[in-house]
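Participant: Take this structure, written in structure tokens, and hold onto it; I'll ask about it next.
Rule-based calculations on the coordinates, nothing more; no lab input. Being a predicted model, the structure only gives us computed values, none of them experimental. Every residue, glycine among them, receives a Cβ derived from its backbone with ideal geometry; neighbour counts consider all protein chains shown.
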Amino acid sequence: MNYLNVIVLDDASANRILLGLLLRPLGHQVNECKDFLKVMELLKNDASIYTHLLLDISMPLMSRTDFCANLNKNAAYDHIRKIGYTAHAMSHESELILSAGFNDMLIKPITSFELKRALGLIESNVTIGSSEPEHR
């Protein structure tokens, strides 16, 4: 298994802790950030070590689309998979978020299965917002 180095950006500590509890037992590194400035500090120090960014799309101070657009302007961040998550997304909002440059979108409550799928740890026929694979 390839281990991931994930940045979790969320202003709510409970959400950061939960994602850490889901990922650390699997051997992944989790860097918890409560604001955009801390994320940018980590990336400026050495962006090459990070594989994923999990981002609460309801963060204060900067819009989710602005932040993702800024990251996507810098080729040094191209390898980082950007995954947004929220409790308040309708289907049209999910489309807007994905079109803003996010690689995937999760809807809270986030299950271990959905998180692993979004991180690319498992392959499935799951659609965004679904928690179980399709049965054929």
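Participant: Rounded to the nearest 0.05, what FRET efficiency do HIS92 and ALA14 give with R0 = 25 Å and r taken as the Cβ-Cβ distance? Could you check?
Facilitator: Given R0 = 25 Å and the Cβ-Cβ separation, E is 0.35.
Participant: Then there is this: Per residue of segment 21-32, what does 6.51 cos²θ - 1.76 cosθ + 1.60 with θ = phi - 60° give for ³J(HN,Hα)? Whole Hz please, x for Gly and Pro, Karplus curve as stated.
Facilitator: Per-residue couplings from phi come out as 5, 7, 9, 4, x, 8, x, 7, 7, 10, 10, 8 Hz.
Participant: Any of LYS73/LYS116; LYS44/LYS116; LYS34/LYS73; LYS34/LYS108 with alpha carbons more than 25 Å apart? Name them for me.
Facilitator: LYS73/LYS116; LYS44/LYS116
Participant: Give me the distance in nm between label points sitting 7 Å out from Cα along the Cα-to-Cβ direction at ASN103 and ASN5, one decimal.
Facilitator: Once both label points are built, they end up 1.5 nm from each other.
Participant: Please give the length that would be gained between GLN29 and LYS44 if that part of the chain were fully extended, namely 0.36 nm times their separation in residues minus their C-alpha to C-alpha distance (nm, one decimal).
Facilitator: Contour length minus Cα-Cα distance gives 3.6 nm.
Participant: Also: Apply the Karplus parameterisation 6.51 cos²θ - 1.76 cosθ + 1.60, with θ equal to phi minus 60°, to every residue of segment 76-84 and state each ³J(HN,Hα) to the nearest whole Hz, in sequence, with x for glycine and proline.
Facilitator: 5, 10, 4, 6, 7, 7, 9, 10, x
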